[in-house]
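Once you've had a glance at the structure underneath, I'll fire off some questions.
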Amino acid sequence: MDTGPLESWNDGAAKRAIVEFVTSAAREGTPGFVPPADRIAVFDNDGTLWVEKPAPVQTAFVLGKLAARVRADPSLAGREPYRAVVDGDEAFFRALEAQDPGAVTLMVRALGYAWEGTTPEEYEAEAARYLASWRHERFGLPYTGLVYRPMLELFDYLRAHGWRLFVCSGGGRDFMRVFCEELWGLPRENVIGSAPEFAYRDGVPVRRAELHGPLALGPGKPEYVLARTGRLPCFAAGNDDVDVEMLQSARFALLVVHDDDVREYAYTDNAERARATAERSGWTTVSVKNDWNTVLTERPDQEVTRCHR
């Protein structure tokens, strides 16, 4: 069995299921064969490809933008979500963390107005400046060190067997496109999800306040995949409840389970439905604690690299 490329994966049910599916998909004339054109693999980002606790990397970027708007126009402080940002409303932030559609919609609309009229280059320069100074509060790592090494190895393994890879996230398509080539080796066009409309004005594209299509949450994820590729995914990976529909749409579903509070975080919040669906549907589940012998792409400042066998 060709398992060499997945060096950070312990030999277990998850690794064996992945290898069996991928090798069968490449074997023409067998029941598991997947034609090359249909080899579409789609991944969620936060919590699937990199650490999302205690808050996703993008969080301080967007909250800082809204706080700056309130400073420039204090009348906004009485409106949502600006009020929640100014007051530090924990209930609102819990709803946002759970990717509640109501809270996310409020945030997306506000961010649409915050960057309205901005060119792609201006937005990306602002995001790049933020990322250059950002550090994880527990690990002391830059964003580049928070990516899961086993998932990068899975990317390489799938590519070697003729799969086309996409990332679909509600966390902001254009933010991910700033680093997708550096971190994942993915071209920008293979990063899809929640994004604004654009207008072409005086020879320059600028962001509009309106959202392009639905939020890339729940059913919005397979909708985006279908719109971008013309196909539903054959392989899909996620980690929480808003990934369920995308995982259900795939032939092979991979659910990352966060259960390692030493090398990463252990939590079940916002993933209860996903775990129940995985058990009921026979999805392949990945235990961070038991299935990965290495977690992050960079070593944290403190000793958190205990190997689990």
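Any read-out appearing in this document is the output of simple, stated calculations on the displayed coordinates, not a laboratory observation. The structure presented is a predicted model; accordingly, all values stated were derived computationally and were not measured. Methodologically, a virtual Cβ is constructed for each residue, glycine included, from the backbone with ideal geometry; neighbour enumeration extends over all protein chains shown.
Would you calculate the separation in nanometres between label points at residue 86 and residue 23, each defined as 7 Å from the Cα along the Cα-to-beta-carbon direction?
Label-label distance for residue 86 and residue 23, simple model: 6.2 nm.
Can you give me the angle between helix 13-25 and the longest principal axis of the chain, using Cα atoms only, in degrees from 0 to 90, rounded to the nearest 10?
80 degrees
If you don't mind, there's one more thing I want to ask. When we measure straight from the Cα of residue 289, which lysines land under 25 angstrom away, once same-chain ones fewer than 8 places off are left out?
Result set, ordered by chain and number: 15, 53.
Between 185, 238, 29, find the one with the highest GNM mean-square fluctuation for the chain; connect C-alpha pairs within less than 10 Å.
29
Further, regarding this structure: Would you mind getting me the FRET efficiency between residue 182 and residue 75? Use the beta-carbon distance for r and R0 = 30 Å, nearest 0.05.
With R0 = 30 Å, the Cβ-Cβ based efficiency is 0.15.
Right, here's the next one. With springs only between Cα atoms under 10 Å apart, run a GNM on the chain and tell me which of 194, 24, 133 wobbles the most.
133
Sticking with this structure for a sec: With r as the distance between the Cβ atoms of residue 59 and residue 209 and R0 = 30 Å, compute the FRET efficiency 1/(1 + (r/R0)^6) and round to 0.05.
0.90
Still on this structure, please answer the following. Give the Rg (one decimal place) followed by the Dmax (whole number) of segment 59-133, computed from C-alpha coordinates and expressed in Å.
Cα-based Rg and Dmax for segment 59-133 come out at 12.6, 34 Å.
Taking only Cα atoms of segment 119-257, what ratio of Rg to Rh do you get with Rh as the Kirkwood inverse-distance radius?
Ratio value, two decimals: 0.97.
Taking other Cβ within 10 Å of each residue's Cβ, how do 264, 124 sort, fewest first?
Working: 264 24, 124 16.
Arranged by neighbour count, lowest to highest, 264, 124 become 124, 264.
According to the Kirkwood expression over distinct Cα-Cα pairs, how big is the hydrodynamic radius of the chain, in Å?
Result for the chain stands at 20.2 Å.
Nothing charged except the Cβ atoms of Lys and Arg (+1) and of Asp and Glu (-1): what's the magnitude of the dipole of the chain about its Cα centre? Round to the nearest 20 debye. Walk me through the intermediate numbers first.
Numbers: 36 positive and 47 negative charges, 72 e Å.
So the magnitude is around 340 debye.
Would you mind giving the three semi-axes, in whole Å and largest first, of the ellipsoid equivalent to segment 243-283 according to its Cα gyration tensor? The partial results should precede the final answer.
Numbers: eigenvalues 88, 21, 14 Å².
Over the Cα atoms of segment 243-283, the semi-axes work out to 21, 10, 8 Å.
Still on this structure, please answer the following. Hey, what did the chain get for relative contact order, percent, Cα under 8 Å, at least 6 apart?
With pairs under 8 Å counted, the relative contact order is 23 percent.
I'd like the orientation of helix 59-72 relative to the chain: the angle between its Cα long axis and the longest Cα principal axis, in ° from 0 to 90, rounded to 10.
Taking Cα atoms only, the helix is inclined about 10 degrees.
Using Cα pairs under 8 angstrom and six or more residues apart, how large is the relative contact order of segment 85-240, in percent?
Details: 157 pairs, mean separation 37.4, N = 156.
That works out to 24 percent.
Right, something else. Between segment 1-69 and segment 183-202, what's the alpha-carbon centroid distance in Å?
20 Å
Next up: Rounded to the nearest 0.05, what FRET efficiency is calculated for residue 201 and residue 135 with R0 set to 45 Å and r the Cβ-Cβ distance?
0.75
Please tell me the relative contact order of segment 59-133 in percent, rounded to the nearest whole number, where contacts are Cα pairs under 8 Å and at least six residues apart.
31 percent
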